[in-house]
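So the structure is just underneath, and the comments pick up after that.
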Amino acid sequence: MKAVIYERYGPPEVLRLVEVEKPAPKDDEVLVRVRATTVTIGDVRMRSFTVPREQWLFARLYLGVRKPKRKILGMELAGDVEAVGKHVTRFKAGDPVFASTMEVGFGGYAEYKCFPEDKVMALKPASLNYKEAAAAIGGGITAARCLKRGNIRPGQKVLIYGASGAVGTNAVQLAARHYSAEVTGVCSGRNLDLVRSLGAARVIDYTREDFTETGETYDVVFDAVAKFSPAAAKRALKPGGVYLNVHKHSDGERGGGMMLDELLFLKGLLETGVVKPVIDRCYPLEQIVEAHRYVETGRKRGNVAVAVAA
Ligand SMILES: NC(=O)c1ccc[n+]([C@@H]2O[C@H](COP(=O)([O-])OP(=O)(O)OC[C@H]3O[C@@H](n4cnc5c(N)ncnc54)[C@H](OP(=O)(O)O)[C@@H]3O)[C@@H](O)[C@H]2O)c1
């Protein structure tokens, strides 16, 4: 099968499209024919090994000391079940699925991926195409985890900083449509219309205005890109208001690992149209280097999808 691998940390050019052996499902596994995956900022950081100093050792041990241990990146995917092991009961051949690969060693940048059936995989929402389904997962679950900690009540004022990224575009939709909050989205001028279209009642262009100096205060301030000073952001909170930061508050309730119930919760939101993934660009697998170059700019709007197979 075709797969994109990386055998050393470095620039986008370390990614290579090669032929590797097609995996075969074990008795408790599902073989997925991958249709779409994504390039996230997380993929870019793993490929380039760009991590904060304090996480260097842990990240190196996890990802591979001398070279990457898991050669195929791709944290989320959507595709069709091609075959199932003899003990599998949740899925059958032909099922369209979407999945997080965080708990199974990544692997979205390949034509096939095997999953134990109890991992973070579910039937794809019928309303989404494969690219949208793959792109829905990471930003959606991360935004949901963070906002849950805000205990948001209907009508409360919620500010989302970095509203145009993968996490931000999900957070705006969730805060406005799931929590019925009055949302202010902070982004650059070129993304104001996008963020408004996602349900923000107000938008602020951070290149022209500092939201902490407008005199407005909020019940929740969520920094979805971790690019604003926490101390300054807290000054825009109402008394008793909650400050949330995507780097500090995105762990799951049972640790960092992604859980099936989180994917199923997100699936419900996607099926009812509360959340719709924003796709900025889509690249074929053959252009994964270009996709990484683009995501590395830090300027993508929502998500970058990768078409693996038609
Ligand atoms: N996506 C995930 O699945 C996930 C999961 C866990 C944690 N995280 C973490 O959450 C953070 C955000 O991830 P992401 O995937 O949402 O990032 P992203 O999509 O790569 O963020 C890009 C967006 O951020 C905006 N931006 C850049 N600089 C900004 C600034 N100074 N102020 C406000 N907005 C700015 C950009 O628009 P402009 O340049 O036009 O402003 C662009 O739309 C990352 O640190 C990531 O590690 C992400």
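The values are calculated or read from the model by the stated rules, or taken from the named source; none is laboratory data. Everything numeric here is computed off the predicted structure, so don't read it as measured data. All Cβ positions, even for glycine, are placed from backbone atoms using ideal geometry, and neighbour counts span all protein chains on display.
Summary table
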{"read-out": "Out of Val30, Val34, Val44, sole residue that is in a helix (DSSP H, G or I) and of a type in the set (A, V, I, L, M)", "value": "Val44"}
{"read-out": "Residues that are in a strand (DSSP E or B) and not hydrophobic (A, V, I, L, M, F, W, C), drawn from region 227-254", "value": "Lys238, Pro239, Gly240, Gly241, Tyr243, Asn245, Gly252"}
{"read-out": "Residue list for region 222-266, restricted to those being within 28 Å of Lys124 (Cβ to Cβ), buried (at least 16 other Cβ atoms within 10 Å of the Cβ) and away from the ligand (no atom under 16 Å from the Cβ)", "value": "Leu260"}
{"read-out": "Residue match in region 285-296 (condition: among the β-branched types (Val, Ile, Thr), in a strand (DSSP E or B), surrounded by 14 or more Cβ atoms within 10 Å (Cβ to Cβ) and within 12 Å of the ligand (Cβ to nearest atom))", "value": "no"}
{"read-out": "Region 72-105 - residue that is hydrophobic (A, V, I, L, M, F, W, C), touching an Asp or Glu at 6+ places or on another chain (Cβ under 8 Å) and in a loop (DSSP other than H, G, I, E, B) and, of those, surrounded by the most Cβ atoms within 10 Å (Cβ to Cβ)", "value": "Leu73"}
{"read-out": "Boolean, Ala163 is within 16 Å of the ligand (Cβ to nearest atom), assigned to a loop (DSSP other than H, G, I, E, B) and not β-branched (Val, Ile, Thr)", "value": "yes"}
{"read-out": "Members of region 253-310 that are of a type in the set (S, T, N, Q) and in contact with a strand residue (DSSP E or B) (Cβ under 7 Å, 6 or more places away or on another chain)", "value": "Asn303"}
{"read-out": "All positions within region 183-212 that are over 27 Å from Thr38 (Cβ atoms) and crowded, with 18+ Cβ neighbours inside 10 Å", "value": "Thr184, Ile204, Phe211, Thr212"}
{"read-out": "Unique residue being away from the ligand (no atom under 16 Å from the Cβ), under 20 Å from Gly10 (Cα atoms) and among the small types (Gly, Ala, Ser) when the list is Gly94, Gly85, Gly105", "value": "Gly105"}
{"read-out": "Tally of residues being within 14 Å of the ligand (Cβ to nearest atom) and free of Cβ contacts under 8 Å to residues at least 40 places away in the same chain across region 211-221", "value": "1"}
{"read-out": "Total residues in region 290-303, condition under 14 Å from Arg47 (Cβ atoms) and not small (Gly, Ala, Ser)", "value": "6"}
{"read-out": "Region 8-50, subset small (Gly, Ala, Ser) and under 27 Å from Leu123 (Cβ atoms), residue surrounded by the fewest Cβ atoms within 10 Å (Cβ to Cβ)", "value": "Ala24"}
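For every residue, the table says whether it meets (1) modelled with pLDDT of 95 or more; (2) surrounded by fewer than 24 Cβ atoms within 10 Å (Cβ to Cβ); (3) not small (Gly, Ala, Ser).
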{"site": "Lys124", "(1), (2), (3)": "yes, no, yes"}
{"site": "Ala133", "(1), (2), (3)": "yes, no, no"}
{"site": "Ile141", "(1), (2), (3)": "yes, no, yes"}
{"site": "Gly150", "(1), (2), (3)": "yes, yes, no"}
{"site": "Val158", "(1), (2), (3)": "yes, no, yes"}
{"site": "Arg177", "(1), (2), (3)": "yes, yes, yes"}
